[in-house]
Amino acid sequence: MSDIYRERGMLHTIEELFCLIDTAIMEGYKFGSINEAIHCNKTVHLTFDDGYKEHLSVAKELKKRYDFSYNCITFAINIRNSFYEDKLCMDMLYQLIDKRRLNDMKKIFNIKSNNIELKELKKIFFSTTQYIEEINKYVDMQNYFLDKEEVIALSKLFSIASHCINHCYLTSLSDDDMYIELKVSKAYLSTLLNKEIEIICYPEGNHSNVINKVSKELGYKFGFSIFSKDREPKEFNINRSIPKCI
Ligand SMILES: [Zn+2]
């Protein structure tokens with residue numbers, strides 16, 4: 001994998017993951033459901049975002065090694081990345097950056113400047129669905145994500161959350177588009193897995209009070225964010241953090 005993932009501190013190898021879990025168990029932590037984790041600060045609920053291909057083998061390993069129950073872990077699945085031909089994900093930017101394809105990026109996003117910060121690039125890319133077709137001509141995203149059969153297999157081991165249709169900032173979309181993202185992704189996964197999807201994992205953790213309200217009205221019971229600074233009601237918004245390896 002590209003060094004960019006490591007630099008962003010959002011990636012653990014399976015050995016690092018085992019080490020983190022073993023250490024937590026040694027320190028008296030338990031692994032449990034979201035509700036158990038809300039009400040007990042010695043209980044951990046594990047989550048994995050984006051439905052990467054390796055997540056199914058990670059899930060199988062965790063089941064085998066720790067015998068975690070179904071409710072201990074949630075995997076968030078993005079509809080486009082798992083089920084559609086054209087993708088929309090951060091990995092596309094990483095791939096272009098890694099191959100130093102600055103000119104391609106400038107062309108795709110119609111950028112004039114030579115100095116593009118990753119943060120800016122992300123903002124342009126994730127604020128709309130308009131670049132999907134174009135960027136897919138430049139990158140190869142085959143075998144990055146779990147396919148339909150693998151998502152079904154994963155859902156038999158652990159709980160599944162919606163990670164929307166498109167991996168866009170929900171706060172950048174129109175109210176109608178935001179509503180569709182929340183509603184259709186829930187319906188798609190619930191039908192596919194024959195089980196009501198009750199968790200929305202906001203892409204890049206991006207959300208607002210309005211988005212929370214719509215999510216609740218649509219029947220979501222929890223909204224996953226990340227490094228959230230807001231003091232939101234703990235009962236709905238689950239503010240996650242990425243554990244550091246020792
Ligand atoms: Zn994501």
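Have a look at SER82, SER113, SER159 and point out the one that is more than 16 Å from the ligand (Cβ to nearest atom), among the small types (Gly, Ala, Ser) and closer than 16 Å to ASP49 by Cα.
None of the others qualify; the one that does is SER159.
For the range 38-56, name all the residues that are part of a helix (DSSP H, G or I) and free of Cβ contacts under 8 Å to residues at least 24 places away in the same chain. Write out each step before concluding.
So in the range 38-56, the residues part of a helix (DSSP H, G or I) come out as 38-39, 55-56.
Scanning the range 38-56 gives a single hit, HIS39.
Determine whether ALA76 is in a helix (DSSP H, G or I), within 30 Å of LYS30 (Cβ to Cβ), in contact (Cβ under 8 Å) with a residue 40 or more places away in the chain and among the small types (Gly, Ala, Ser).
It is false that ALA76 is in a helix (DSSP H, G or I), within 30 Å of LYS30 (Cβ to Cβ), in contact (Cβ under 8 Å) with a residue 40 or more places away in the chain and among the small types (Gly, Ala, Ser).
Can you work out which of the residues in the range 174-206 that are polar (S, T, N, Q) and at pLDDT 95 or above is nearest to the ligand (Cβ to nearest atom)?
SER185
Quick check on this structure: which one of LYS60, LYS53, LYS148 is surrounded by fewer than 17 Cβ atoms within 10 Å (Cβ to Cβ), closer than 30 Å to PHE31 by Cβ and within 16 Å of the ligand (Cβ to nearest atom)? Before you say what the answer is, go through the steps one by one.
Working: LYS60 fails: within 16 Å of the ligand (Cβ to nearest atom); LYS148 fails: within 16 Å of the ligand (Cβ to nearest atom).
None of the others qualify; the one that does is LYS53.
Restricting to the range 17-50, give me the number of residues that are surrounded by 13 or more Cβ atoms within 10 Å (Cβ to Cβ) and either among the hydrophobic types (A, V, I, L, M, F, W, C) or over 17 Å from ILE73 (Cα atoms) (or both).
Pass one, the range 17-50, residues surrounded by 13 or more Cβ atoms within 10 Å (Cβ to Cβ): 17-21, 23-25, 29-38, 43-50.
Filter again for either among the hydrophobic types (A, V, I, L, M, F, W, C) or over 17 Å from ILE73 (Cα atoms) (or both), leaving 17-21, 23-25, 31, 34, 37-38, 44, 46, 48.
Number satisfying all stated conditions: 15.
Give the range 148-192 a look and list any residue that's over 25 Å from LYS60 (Cβ atoms) and hydrophobic (A, V, I, L, M, F, W, C), or say none.
Scanning the range 148-192 gives CYS164, ILE165, CYS168, LEU170, LEU173, MET178, ILE180, LEU182, VAL184, ALA187.
For residues in the range 207-216 being buried (at least 17 other Cβ atoms within 10 Å of the Cβ) and polar (S, T, N, Q), which is farthest from the ligand (Cβ to nearest atom)?
Of the residues in the range 207-216, the ones buried (at least 17 other Cβ atoms within 10 Å of the Cβ) are 207, 211-212, 214-215.
Subsequent filtering for residues that are polar (S, T, N, Q) retains 212, 215.
Values: ASN212: 18, SER215: 16 Å.
Of everything passing the filter in the range 207-216, ASN212 is farthest from the ligand (Cβ to nearest atom).
Which of (1) in contact with a Cys (Cβ under 9 Å, 6 or more places away or on another chain); (2) buried (at least 17 other Cβ atoms within 10 Å of the Cβ); (3) not assigned by TED's automatic domain parsing to the domain that holds ILE199 is the odd one out, the single condition TYR94 does not satisfy?
(1)
If we only count helices (runs of 4 or more DSSP H) wholly inside the range 144-229, which ones have 2 or more residues that are under 19 Å from CYS72 (Cβ atoms) and hydrophobic (A, V, I, L, M, F, W, C)?
On the way: elements: 148-155, 175-193, 209-217.
Passing ranges, in order: 148-155.
With respect to the numbered conditions (1) in a helix (DSSP H, G or I); (2) surrounded by 19 or more Cβ atoms within 10 Å (Cβ to Cβ); (3) under 18 Å from the mean Cα position of the chain (by Cα), which one is the sole condition not fulfilled by LYS87?
The number of the failed condition is (1).
Determine, yes or no, whether ASN110 is under 23 Å from SER174 (Cα atoms), of a type in the set (S, T, N, Q) and touching a residue at least 60 places away in the same chain (Cβ under 8 Å). Write out each step before concluding.
Details: under 23 Å from SER174 (Cα atoms): yes; of a type in the set (S, T, N, Q): yes; touching a residue at least 60 places away in the same chain (Cβ under 8 Å): no.
When the stated conditions are applied, ASN110 does not pass them.
The values are calculated or read from the model by the stated rules, or taken from the named source; none is laboratory data. The shown structure was predicted, so the numbers you read here are calculated from the model rather than taken from an experiment. Ideal geometry is used to build each Cβ from the backbone, glycine not excepted, and the neighbour counts take in all protein chains shown.
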